[in-house]
Protein chains: 2
Amino acid sequence: MSREQRQLVLRKGRLELESCRLPRRPAGYARIRVLLAGICNTDLELQRGYYGFEGVPGHEFVGEVVECDDRRLLGARVVGEINLACGRCEWCLRKLGRHCPVRKVLGIVGHPGAMSEYLTLPERNLHRVPDSVSDEQAVFVEPLAAAAEILDQVRLPKEGSVAVLGDGKLGILVAKWLLHRGASVRHYGRHRSKLALTAADGAEVTVSARRPRAAHDLVIEATGSPQGLADAVRLCRPRGTVVMKSTVHGSVALDTAPVIVDEITLVGSRCGRMEVALRALRRHDFGLEQMISAVLPLERAGEAFELAQRRGVRKVLLRPVR
Amino acid sequence: MSREQRQLVLRKGRLELESCRLPRRPAGYARIRVLLAGICNTDLELQRGYYGFEGVPGHEFVGEVVECDDRRLLGARVVGEINLACGRCEWCLRKLGRHCPVRKVLGIVGHPGAMSEYLTLPERNLHRVPDSVSDEQAVFVEPLAAAAEILDQVRLPKEGSVAVLGDGKLGILVAKWLLHRGASVRHYGRHRSKLALTAADGAEVTVSARRPRAAHDLVIEATGSPQGLADAVRLCRPRGTVVMKSTVHGSVALDTAPVIVDEITLVGSRCGRMEVALRALRRHDFGLEQMISAVLPLERAGEAFELAQRRGVRKVLLRPVR
C-alpha cells in the first residue's frame with residue numbers, strides 16, 4: 001500500500017485534486033479504502049459556502065478496512081457513522097453521539113471526508129456491510145438512515161397519506177422508506193421521471209407545483225429549497241406535523257402565524273441509525289441502483305459536481321480507486 | 001336596555017368610537033354586557049395590519065349575560081371561547097372547535113369583538129365565572145388558557161428548568177402557569193419590574209439580553225418579536241422543544257440549519273381550554289391584579305392602545321360600561 005493518496009479538496013468553492021501523504025491513523029481508528037462516495041446536496045451546499053467549509057468533502061461512502069487495531073475488522077467492507085463523538089458526554093452516554101457538542105463530522109466539520117482514496121474513522125463508527133448488499137446499495141446507507149430517522153422521531157398518522165415534498169435524492173429515499181414501513185405516501189415533486197421511482201413502489205404522485213391546502217397530518221419537507229418549508233406548512237393540517245429535512249444555506253423566510261394558529265409541530269430531522277438502514281437493505285429491495293445517474297472517477301469530480309446539480313439527475317457517485 | 005350601543009371600530013389602523021344599533025342576536029347566541037376587555041398584543045398587531053382586520057377588536061373579556069335562549073344563563077357573569085366553530089366538522093366533533101376551518105374568531109375574524117358595550121357569542125362558548133374570581137382576574141382567563149395550552153401539547157422535561165423568553169403579558173402568564181404546575185422556570189426578559197412578578201412566584205430571572213446557548217430542553221418563545229424565534233432556538237438543547245407563542249405580523253427569518261442539525265422540535269401553540277384556566281383561578285392566586293397597569297373607559301381607547309405599547313407597561317383594560 002502506497003503512503004501517498006489522491007484526495008479532492010474544496011477551497012473557497014473550488015474543487016481540486018491533490019496528492020498528499022496518508023494522514024496518521026490515531027489509536028482506535030481504522031483506515032478505509034473508499035470504494036464509492038456519494039455526492040449529497042449537503043456537499044453542493046458546502047461548495048456554496050455552507051458551514052464555511054474547507055477540506056475534503058464526502059460523508060456518504062462504502063469502503064474496505066485496510067488498517068485497524070481490531071484485527072477482526074481487517075478487510076471488512078464497511079459503511080460508517082459520520083459523527084465522530086467524544087464517547088464520554090451525556091449525549092454519547094445516551095447513545096446520541098450524533099448530538100455530541102464537540103463532535104467532528106466526516107467531510108463536514110473538522111474531519112477529512114470520503115472523496116479521497118482513503119479515509120479514517122473510529123472503529124466504533126463502522127458497520128459491516130452484508131455480502132448480499134452491493135457497493136452501489138451500501139453507499140446509500142447514510143442517506144437511507146437519515147430517511148429512517150423520521151420514524152424514530154414521529155409516528156405515522158392513523159388515517160390518510162403522508163406527504164413527501166421534493167423529488168430529489170433525499171425525497172425519493174424518504175418516500176421509499178415510508179412506503180417500506182407501510183405508510184400510504186403522496187409524493188409531490190416536479191420531475192415525472194424521478195417520481196416514477198416511488199410510484200413503482202406504490203406512492204401516489206403529484207407532478208404539479210400546485211399543492212392542496214391542509215391536506216395531510218404528516219408532511220416531510222425534503223425539497224432542498226428555501227421555499228419548501230412554507231409549502232410544507234400550507235400542506236399540513238391543523239395540529240399536524242412537518243418534518244424538516246432540507247438543510248439550506250442562510251435564512252428561510254417563514255410566516256409563523258399559520259404555524260401558531262394551526263398549532264403545527266415542526267420537527268428538525270438529521271442523521272439516523274445506520275444499523276436500521278442496513279438491516280432493511282438486507283431484507284428489502286429498495287431499487288437503489290435505479291437512483292444512480294453516473295459513477296465517475298475522482299479526477300472527474302468537477303464534472304460530477306456539476307452533473308449532480310443538473311435538473312433531472314439522480315445520484316452521482318465518485319469511485320476513488322484507480 | 002337601550003337598543004343602541006357604543007363600540008370601538010378599527011379601520012385602516014385607526015380606532016374610532018361609534019354608536020350603532022345593537023346587532024341581531026342569532027338563535028343559540030347570548031348577548032353579553034362587557035364589564036372589562038383586555039388589550040392583547042394581537043390587538044396591537046391588528047392595528048398594524050395583521051389579518052387585514054377591520055371591525056370591532058377585542059377577544060379578552062368578562063361580561064354579564066343580558067339576553068339568551070337558555071334562561072339559566074341570564075344574569076350570569078361569564079367569559080367566552082373566542083372561536084365560533086361550526087359544531088359539525090371533524091374538528092368540532094373532536095372537541096377541537098378552535099381549529100374548525102370555517103370558524104369565526106371573536107374580534108379577530110368575522111365576528112365583532114369585546115371592545116364594545118355588548119357582544120354576542122354562542123351560548124355553548126360561555127363559561128360561568130365563580131363568585132370567588134373577580135372581574136379583574138376573569139379578564140385574564142383567555143390568555144391564561146393560552147398559557148395552559150402549552151402543557152396540553154408538550155411535557156415538562158424531567159430535569160432542568162424551562163426557559164420562558166419574553167416578559168410581556170403572555171410571557172408573564174406563561175411563566176406563572178408553568179410555576180403553578182410545578183415547573184422550575186428560568187424567565188428571560190428585559191424589564192426588572194416585570195420579571196419581579198414571576199420572581200415573586202419562584203422563577204429565576206435573567207434581565208440581560210445575553211442568553212446562554214443550548215441551556216434548556218424546553219423553551220417557550222413569548223417575546224412578541226420577530227427575533228424571538230432565533231433566540232429561542234439558540235437557547236434550546238439538541239432534541240429539545242421550542243413552543244412558539246408569539247404571533248407577529250409578516251415573515252420571520254429563521255436559519256433552519258440548527259433546527260435540523262440539533263433535531264429541535266418547534267410547536268405552534270395558540271388558544272387553550274378556558275375551563276382549565278378557570279378551575280386553576282378558583283384555587284390559586286396568580287397575582288393577576290398586579291399585572292394591570294390601567295383601566296380606562298372605552299372613549300379613551302386611543303390612549304389605552306398607546307399606553308399598552310409603551311415600554312414597561314403591563315395589561316391595559318377597557319371598561320365599556322358607563
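Quick look at the values:
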{"quantity": "Assigned charges on the beta-carbon of Lys, Arg, Asp, Glu; chain B dipole about Cα centre (debye)", "calculated": "120"}
{"quantity": "FRET E, pair A:Ser184, B:Arg322, Förster distance 45 Å, beta-carbon r, rounded to 0.05", "calculated": "0.15"}
{"quantity": "Rounded to 5, percent antiparallel among DSSP beta bridges of the protein assembly as shown", "calculated": "60"}
{"quantity": "Exposure ranking of A:Arg14, A:Arg3 by accessible area [1.4 Å probe, largest first]", "calculated": "A:Arg14, A:Arg3"}
{"quantity": "For the pair B and A, total buried accessible area rounded to nearest 100 Å², probe 1.4 Å", "calculated": "3300"}
{"quantity": "Angle in degrees between helix B:141-153 and the longest Cα principal axis of chain B, rounded to the nearest 10", "calculated": "40"}
{"quantity": "Cleavage-rule hits, trypsin sites (Lys or Arg not before Pro), the stretch A:113-183, DSSP coil, Cβ neighbours within 10 Å at most 16", "calculated": "A:Arg155, A:Lys158, A:Arg181"}
{"quantity": "Charged-residue dipole, Cβ positions (Lys, Arg, Asp, Glu), the stretch B:150-268 about Cα centre, Debye nearest 20", "calculated": "300"}
{"quantity": "Using a 7 Å Cα-to-Cβ projection, B:Gly87 label spacings across copies, nm, ascending", "calculated": "6.7"}
{"quantity": "Three-way shape label, the stretch A:24-105, alpha-carbon gyration tensor, a/c 1.5", "calculated": "oblate"}
{"quantity": "Tail beyond 26 Å, pair distance distribution of the stretch B:78-228 (Cα, percent)", "calculated": "38"}
{"quantity": "Electrostatic dipole magnitude of the protein assembly as shown [Cβ: Lys, Arg +1; Asp, Glu -1; Cα centre; debye, to 20]", "calculated": "140"}
{"quantity": "Chain B - mean residue ellipticity at 222 nm from DSSP helices (-39,500 (n - 2.57) per run, n ≥ 4, rounded to 500)", "calculated": "-7000 deg cm²/dmol"}
{"quantity": "Relative contact order (%) - the stretch B:150-268, alpha-carbon pairs under 8 angstrom, separation at least six", "calculated": "23"}
{"quantity": "Order of exposure, largest accessible area first, which applies to A:Asp262, A:Asp167, A:Asp201, B:Asp131 with probe 1.4 Å", "calculated": "B:Asp131, A:Asp201, A:Asp262, A:Asp167"}
{"quantity": "For the A-to-B rotation axis, chain A residue with nearest beta carbon and its distance in angstrom", "calculated": "A:Leu266, 2"}
{"quantity": "Whole-Å distance, taken between Cα centres, linking the stretch B:193-242 and the stretch B:45-123", "calculated": "31"}
{"quantity": "At most 11 other Cβ within 10 Å, DSSP loop - GluC sites (Glu not before Pro), the stretch A:77-176", "calculated": "A:Glu159"}
{"quantity": "Enclosed volume per residue, in Å³, of the convex hull spanned by Cα atoms of the stretch B:211-306", "calculated": "165"}
{"quantity": "Projected area averaged over orientations for chain B, convex hull of C-alpha atoms, nm²", "calculated": "16.2"}
{"quantity": "Within straight-line cross-link reach of A:Lys12, lysines at Cα separation under 19 Å, skipping those fewer than 8 residues along the same chain", "calculated": "none"}
{"quantity": "Pseudo-label separations to other copies for A:Glu303 - Cα-to-Cβ vector, 7 Å, nm", "calculated": "8.0"}
{"quantity": "Other-copy label distances relative to A:Glu54, 7 angstrom Cα-Cβ extension, nm", "calculated": "5.9"}
{"quantity": "Sites B:Ser293 and A:Ala209, calculated FRET efficiency, Cβ-Cβ separation with R0 45 Å, nearest 0.05", "calculated": "0.35"}
{"quantity": "Zone of B:Glu54's modelled label, taken as backbone nitrogen in the stretch B:14-29 under 15 Å from a point 7 Å along Cα→Cβ", "calculated": "B:14-16"}
{"quantity": "Chain B, accessible surface, carbon-and-sulfur percent (1.4 angstrom probe)", "calculated": "45"}
{"quantity": "Taking chain A and dividing mean pair separation by its residue count, relative contact order in percent (alpha carbons under 8 Å, at least six apart)", "calculated": "18"}
{"quantity": "Net length gained if the chain between B:His191 and B:Gln227 were fully extended (0.36 nm per residue, minus Cα distance)", "calculated": "11.2 nm"}
{"quantity": "Inter-probe distance in nm under a simple model that places probes 7 Å from Cα toward Cβ, at B:Lys12 and A:Arg21", "calculated": "7.8"}
{"quantity": "Selection of trypsin sites (Lys or Arg not before Pro), the stretch B:196-264, meeting DSSP coil and at most 14 other Cβ within 10 Å", "calculated": "B:Arg210, B:Arg213"}
{"quantity": "Geometric extent, Cα atoms of the stretch B:150-268 - Rg, Dmax (angstrom)", "calculated": "13.0, 38"}
{"quantity": "Per residue, in Å², the accessible surface of the stretch B:150-268 once ligands and nucleic acids are set aside, probe 1.4 Å", "calculated": "38"}
{"quantity": "Largest-first principal axis extents of the Cα set of the protein assembly as shown (Å)", "calculated": "98, 48, 38"}
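The values are calculated or read from the model by the stated rules, or taken from the named source; none is laboratory data. This is a predicted model, so every value here is computed, not measured. All Cβ positions, even for glycine, are placed from backbone atoms using ideal geometry, and neighbour counts span all protein chains on display. Please note that ligands, DNA and RNA were not included when accessible areas were found on the heavy atoms of the full protein model with its side chains. Shrake-Rupley method; radii C 1.70, N 1.55, O 1.52, S 1.80 Å.
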